[in-house]
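What follows is one structure encoded as structure tokens, with my remarks underneath.
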Amino acid sequence: MKTVSLSGSLRENVGKKDAKKHRKAGFIPCVMYGGKEQFHFVANDKIFRKYLFTPEVYIFNIEINGKTTPSIIQDIQYHPVTDNILHIDFLEILPEKPVVIGVPIKIEGTAPGVLKGGKLIYKMRKLKIRSLMAYLPDYIMISIDPLDIGDSIKVKDLKRDNIAFLDAPNNIIVGVRTARTVVEEAPVEGAAAAAEGAEKKEEK
């Protein structure tokens, strides 16, 4: 998984007034937990925005007072009106401890059902996985080559070494369904046939 190095500064005081002061100065209040100790710190707002508003997922190597801690984002709090970042929760990653994280899905190949006029439908954009840090992927690649009209790929169809998929097994990730125009034409044809049958009865 891609890594990003960031520097932070420990917060001397923890509270709403202190957090508000840091936000005005262009810093985001953060907390790191999951390891031996939980600690509060601040980091530059502009640096974070480069990596947060993207579908990519990163491991953040956060350096504070000469110590670097690998971590992933667990939660982000936004202002309800301005959408400004108010607070970020980080989970420290330990090499021997699996972590749970959402990773993006990428599609490759060509679905035969699409070539026949079907429509490719995306039901999921991310997958929740559990894995050790050494095996965390940038994304999960899924081939749509086997998909004909009416076919789909579900979470239970995925198999990857050293990765456990945590979403509901029957959740559909991607599938091919009949194009809307085809679905709409069928009732019209049926109605026409019924009308023709009614006319023949009247003639008799």
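Here the range 89-125 is the region considered, the condition is being assigned to a loop (DSSP other than H, G, I, E, B) and among the aliphatic types (A, V, I, L, M), and the residue that is farthest from residue 38 (Cα to Cα) is 111.
Go through the range 1-58 and report how many residues are part of a strand (DSSP E or B) and either more than 30 Å from residue 98 (Cβ to Cβ) or not hydrophobic (A, V, I, L, M, F, W, C) (or both). Even if it seems obvious, please write down each step before you answer.
Let us first name the residues in the range 1-58 that are part of a strand (DSSP E or B), namely 3-7, 9-10, 27-33, 39-44.
Those still in the list that are either more than 30 Å from residue 98 (Cβ to Cβ) or not hydrophobic (A, V, I, L, M, F, W, C) (or both) too: 3, 5, 7, 9, 27, 29, 33, 40, 44.
The total comes to 9.
Please work out if residue 120 is in contact with a strand residue (DSSP E or B) (Cβ under 9 Å, 6 or more places away or on another chain), among the hydrophobic types (A, V, I, L, M, F, W, C) and more than 30 Å from residue 96 (Cβ to Cβ). Yes, satisfied.
Within the range 1-29, residues that are free of Cβ contacts under 8 Å to residues at least 24 places away in the same chain sit with their Cβ atoms under 8 Å from residues that are of a type in the set (A, V, I, L, M, F, W, C), at 6+ positions apart or across chains, in these pairs: 22/28; 22/42; 27/42; 27/43.
Return yes when residue 83 is assigned to a strand (DSSP E or B) and among the acidic types (Asp, Glu) and no when it is not. Outline the logic, then answer.
On the way: assigned to a strand (DSSP E or B): no; among the acidic types (Asp, Glu): yes.
So residue 83 does not fit the description; no.
Considering the range 145-178, the residues that are in contact with a Ser or Thr (Cβ under 7 Å, 6 or more places away or on another chain) and in a loop (DSSP other than H, G, I, E, B) include one that is farthest from residue 59 (Cα to Cα), namely 149. Does residue 112 satisfy the condition of being more than 27 Å from residue 138 (Cα to Cα) and in the same structural domain as residue 129 (by TED's automatic domain parsing)? Here the answer is yes, as residue 112 does meet what is asked.
Identify the residue in the range 38-91 that is among the charged types (D, E, K, R) and touching a residue at least 12 places away in the same chain (Cβ under 8 Å) and, among all such residues, is farthest from residue 14 (Cα to Cα).
Looking at residues that are among the charged types (D, E, K, R) and touching a residue at least 12 places away in the same chain (Cβ under 8 Å), I get 56.
The values are calculated or read from the model by the stated rules, or taken from the named source; none is laboratory data. Keep in mind the model is a prediction, meaning the values are calculated, not measured. Neighbour counts are summed over all protein chains in view; Cβ atoms, including those assigned to glycine, are modelled from backbone coordinates with ideal geometry.
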